[in-house]
Structure formats: C-alpha cells, structure tokens
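Note sheet for the following structure.
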Amino acid sequence: MELTDTQQAILAMIAERIEAEGFPPSQAEISRAFGFKGVRAAQYHLEAMEAAGAIERMPGRARGIRLLRTPAAPQRELPLASMEDAVRLPVLGQVAAGLPIGAGIDESSGPDSYLVLDRVLFSPSPDYLLKVKGDSMRDEGIFEGDLIGVHRTRDARSGQIVVARIDEEITVKLLKIGKDRIRLLPRNPDYAPIEVQPGQDFAIEGLYCGLVRPNR
C-alpha cells in the first residue's frame, strides 16, 4: 500500500523529531503542523500508515510510534538528463473538492498553461492536470490549490478516486458503487457524501493518479 503525499510528509516529520529529540510527535502536534482541525485526521493518517507497514503504533503510549520505513527523499527539480521520463501536461481549469461547482474544464487555456513533470509522480499516466478548489479531500492529502493528475477514462472501480461530472458540475471524490446506488464520498468529515440521483447526468471523467503542489 502506497502512502499519500500527506502521509509521506508525516513520516518525514516523525523521522525528524525522533532524530532531533529522541521521540516522535504527538497526534496533537501532527494536527497542528499540518493544519488539521483536530486529532481525528492525524489518527486516520497514522492508522493508514500503520496498515501500509510504514510505522508501528504502541497502544497506551501517547508518543508510541516506531518507524518501519525510511521517509522518501524530497522530490528534486527535474534534471535535463531525465527529460525522457518527463511528461508535458496541460492545466485545464479547476475541479471542486468540496461541493460541486460550475468551474468545468477550460480547454481553451493558452500555451503557457502547461507543466513538464516527471512521469514517475503519477500512476497511471495522466492526460491533464486540474486545479483543486476546496478541502473535502483533505484527509487523502489533496488540498486546495493542488494540481491533480487525471487519467482520462469513463471506467472506474468502487474505491477509486475519480473526477466526476454531475449535471455539468465537476468534482473529485472517492467512488462507491453499491447494488442500487452510486455515491461520491469526501475525505473530510465536514462534508456530506453526494448520492447520484436517478435522472441526473452523471459520468466519470477520469481517474486521479497523483498530484503536484505548487509553491504557495
């Protein structure tokens, strides 16, 4: 199981604190460092990191975290020697990561609306980038202003993060397909799930396949 960008950053923070102070940060300290509204989000990420085999948590201890995986090295600027591994992606408008909004996809973006990125940042290979608006996917490590890679496809499995269109509105959510309904789930408890209603114009526009975070 792979870690999200946020979980990689938390792993790096834990490693730095252990090296500098001899003990890991508390859940409250992780929450403050990453701007979470409470320790619930930090707990969610730590549980996911433990399930992925990156850490081990020791019950009954406030700072009971042991590293099992070395944090990934930070992404460096793409060198010219690696241009054969680069991909040139258009940046197309915005996608809502809160309630769907009418941003749509602006396919008339000028020639400056492109980024050249290392293709290893994404899986599967993306066709374009969309700028995220909102924070409903916060606990998945997707924040407002991020550029998410989208692999253009109409097919998706339950449990995948998708870019979906509902009545011409565009949003990014976790897809859940039930026997008699389709739901689009946020990864932030402040937001309600979206249930696709009969008769709505609904389509999968693509699969989320990674992100880049512009310098703020």
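If you check Arg181, Arg138, Arg157, which single one turns out to be outside the structural domain of Arg40 (by TED's automatic domain parsing), basic (Lys, Arg), under 25 Å from Phe122 (Cβ atoms) and at pLDDT 90 or above?
None of the other options fit; the residue is Arg157.
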Legend entry - Filter result for Ile148 (among the hydrophobic types (A, V, I, L, M, F, W, C) and at pLDDT below 75): no
Inset, instruction - Working carefully through the options Ala54, Ala86, find the one that is surrounded by 15 or more Cβ atoms within 10 Å (Cβ to Cβ) and at pLDDT 85 or above. - result: Ala54
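Here is a yes/no grid of residues against (1) exposed (fewer than 15 other Cβ atoms within 10 Å of the Cβ); (2) in contact (Cβ under 8 Å) with a residue 40 or more places away in the chain:
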{"residue": "Pro126", "(1), (2)": "no, yes"}
{"residue": "Leu130", "(1), (2)": "no, yes"}
{"residue": "Gly134", "(1), (2)": "no, no"}
{"residue": "Glu140", "(1), (2)": "no, yes"}
{"residue": "Asp155", "(1), (2)": "yes, yes"}
{"residue": "Val162", "(1), (2)": "no, yes"}
{"residue": "Lys179", "(1), (2)": "yes, no"}
{"residue": "Arg187", "(1), (2)": "no, yes"}
Legend entry - Residue list for segment 4-41, filter: among the hydroxyl-bearing types (Ser, Thr, Tyr) and in a loop (DSSP other than H, G, I, E, B): Thr4, Ser26
Inset, instruction - Write out, first by first residue and then by second, each pair whose Cβ atoms fall under 7 Å of each other, whose residues are 6+ apart or on separate chains, and whose first residue, in segment 32-51, is among the β-branched types (Val, Ile, Thr) while the second is in a helix (DSSP H, G or I) and surrounded by fewer than 16 Cβ atoms within 10 Å (Cβ to Cβ). - result: Val39/Ala28
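The values are calculated or read from the model by the stated rules, or taken from the named source; none is laboratory data. From a predicted model like this one, the values you see are computed outputs, not experimental measurements. Ideal geometry is used to build each Cβ from the backbone, glycine not excepted, and the neighbour counts take in all protein chains shown.
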